[in-house]
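Single-structure report; data block below.
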Protein chains: 2
Amino acid sequence: MSDPGHMGWDAKWGALMAWIVNTQYFRENLKIGSGGETGPINDLVRSTTERIGANIMGRRMFDQGEVAWPEEAPFHTPVYVLTHAPREPWVRPGGTTFHFITEGPERALSLAKAAAGGRDVRIAGGADVIQQFLNLDLIDEFEIALAPVLFHGGRRLFESLREPGPRFRIDRVINGPSATHLHYVRG
Amino acid sequence: MSDPGHMGWDAKWGALMAWIVNTQYFRENLKIGSGGETGPINDLVRSTTERIGANIMGRRMFDQGEVAWPEEAPFHTPVYVLTHAPREPWVRPGGTTFHFITEGPERALSLAKAAAGGRDVRIAGGADVIQQFLNLDLIDEFEIALAPVLFHGGRRLFESLREPGPRFRIDRVINGPSATHLHYVRG
């Protein structure tokens, strides 16, 4: 008998990502369908995406995306992948080029800043890479989508942090139907 | 040289609790001073407190409070303390009586419901007691105050949970200057 209260990992992932998958901007960007929500969450996704000039991510996030993203990967910027395995840059249509960085997070940030041309650098994830940049005190703000899904496992965002860490305050909250969007800034 | 970014445990605790300590309702209740904030957060504290007819808490929370609360403990209801150590009820002025329950969380809830007289039962904490009730699928809603303070330690709220767990949605958010107040209900 099915248990409507029991969600498998796929269903949880779907519930976690519903807020962004439902936005018109994301659907157009990923070419997964027309329509979609056009309110304040959509505006948030657009404005956050459009101010990013380069992305940084970890190897695990890249490995998962390499098989899951469409050919036109949804970044449209240079992407610096922190890895221990050297690899030639991987150019995708639509402006995304993945660069594989073996010299650590500060080198990745230096390259990303130079490439971003005055726009922002996003640490896309996963949690371990975000923790590395937090511990280097290089994070200026967070955009957190808090979805009420209990995963019972996985890497936590705020752990393995050194003391003293940076101090943040929450300066803006948007509550959507599938997630609460918290913007943390230094303070 | 002092590091303004470095907060000790006391300072972190103060930052965590600032949202409630600053409310007029809480200050009057705990008799820690006049004045205080009288806006939506104060209304939230009042309405949440006034619909509670009984409290349940863990032994560690009680032990900390026993030395920290004023003589007129700030509950004004029966309080059921989950413990392994039998003890006679402890009657405080102002309507708070602590009952020490050694028969487990379901027995505490049964007593609390009977005592609440139609009002709600609050699981006051700590995290381990909340987890016990979550794992018994006995939690109907959460009132979470999310404060942007990195503690680098302590018991996490959402861990040690059994699958399948209950499903929640966030139905109301109030953003205050010191915390974001999330109300989770079943859904």
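Any idea which residue in region B:22-46 is modelled with the highest pLDDT, counting only those that are open to solvent by 50 Å² or more (accessible area, probe 1.4 Å) and among the β-branched types (V, I, T)?
That would be B:T38.
For region A:131-151, which residues satisfy the criterion of being within 26 Å of B:F142 (Cβ to Cβ) and either within 9 Å of chain B (Cβ to nearest Cβ) or hydrophobic (A, V, I, L, M, F, W, C) (or both)?
A:F142, A:I144, A:A145, A:L146, A:A147, A:P148, A:V149, A:L150, A:F151
For the condition more than 19 Å from A:A145 (Cβ to Cβ) and without any contact (Cβ under 8 Å) to a residue 24 or more places away in the chain, what is the one hit in A:R87, A:R46?
Among A:R87, A:R46, only A:R87 is more than 19 Å from A:A145 (Cβ to Cβ) and without any contact (Cβ under 8 Å) to a residue 24 or more places away in the chain.
Of the conditions (1) at pLDDT 95 or above; (2) open to solvent by less than 40 Å² (accessible area, probe 1.4 Å); (3) under 22 Å from B:T48 (Cα atoms); (4) in contact with a helix residue (DSSP H, G or I) (Cβ under 9 Å, 6 or more places away or on another chain), B:G176 fails just one. Which one is it?
With (1) at pLDDT 95 or above; (2) open to solvent by less than 40 Å² (accessible area, probe 1.4 Å); (3) under 22 Å from B:T48 (Cα atoms); (4) in contact with a helix residue (DSSP H, G or I) (Cβ under 9 Å, 6 or more places away or on another chain) applied to B:G176, the lone miss is (1).
Among (1) at the interface with another protein chain (Cβ under 10 Å from one of its Cβ atoms); (2) modelled with pLDDT under 95, where does B:G154 come up short?
B:G154 satisfies every listed condition except (1).
Does A:E106 satisfy the criteria of being within 14 Å of another protein chain (Cβ to nearest Cβ), closer than 26 Å to A:E66 by Cα and at pLDDT 95 or above?
Judged against the criteria, A:E106 is not a match.
Inside region B:6-33, can you point out the residues that are over 24 Å from A:P166 (Cα atoms), charged (D, E, K, R), out of contact with any Gly (no Cβ under 6 Å at 6 or more places or on another chain) and part of a helix (DSSP H, G or I)?
B:E28
Being farther than 20 Å from B:F142 by Cα and open to solvent by less than 50 Å² (accessible area, probe 1.4 Å) is the filter here, so list the residues in region B:76-91 that pass it.
Within region B:76-91, B:P78, B:T83, B:A85 meet the criteria.
Which residue pairs have Cβ atoms under 8 Å apart, sit 6 or more places apart or on different chains, and have a first residue in region B:167-184 that is in contact (Cβ under 8 Å) with a residue 24 or more places away in the chain and β-branched (V, I, T) and a second that is open to solvent by 20 Å² or more (accessible area, probe 1.4 Å) and not in a strand (DSSP E or B)?
As it stands, the answer is B:I174/B:P40, since those pairs meet every condition given.
Inside region A:95-110, can you point out the residues that are open to solvent by 40 Å² or more (accessible area, probe 1.4 Å) and closer than 20 Å to A:T49 by Cβ?
A:G95, A:H99
For region A:21-47, which residues satisfy the criterion of being of a type in the set (D, E, K, R) and within 15 Å of the chain's Cα centre (by Cα)?
A:R46
Is there a residue being among the acidic types (D, E) and under 30 Å from A:Y184 (Cβ atoms) anywhere in region B:121-140?
Yes - at least one qualifying residue is present in region B:121-140.
Inside region A:173-187, can you point out the residues that are of a type outside the set (A, V, I, L, M, F, W, C) and more than 7 Å from every other protein chain (Cβ to nearest Cβ)?
Within region A:173-187, A:G176, A:P177, A:S178, A:H181, A:H183, A:R186, A:G187 meet the criteria.
What's the number of the only condition in (1) more than 9 Å from every other protein chain (Cβ to nearest Cβ); (2) surrounded by 17 or more Cβ atoms within 10 Å (Cβ to Cβ); (3) among the hydrophobic types (A, V, I, L, M, F, W, C) that B:I170 fails to meet?
It is condition (1) that B:I170 fails.
Going through B:T102, B:T48, B:T83 one at a time, which residue ends up being out of contact with any Ser or Thr (no Cβ under 9 Å at 6 or more places or on another chain) and polar (S, T, N, Q)?
One residue alone meets the criteria, B:T48.
The values are calculated or read from the model by the stated rules, or taken from the named source; none is laboratory data. Note that the structure is predicted; figures quoted are calculated from it, not measured. Cβ coordinates were reconstructed from backbone atoms using ideal geometry, including for glycine residues, and neighbour counts include every protein chain displayed. Surface accessibility is based on the protein's heavy atoms, side chains included, excluding ligands, DNA and RNA. Shrake-Rupley method; radii C 1.70, N 1.55, O 1.52, S 1.80 Å.
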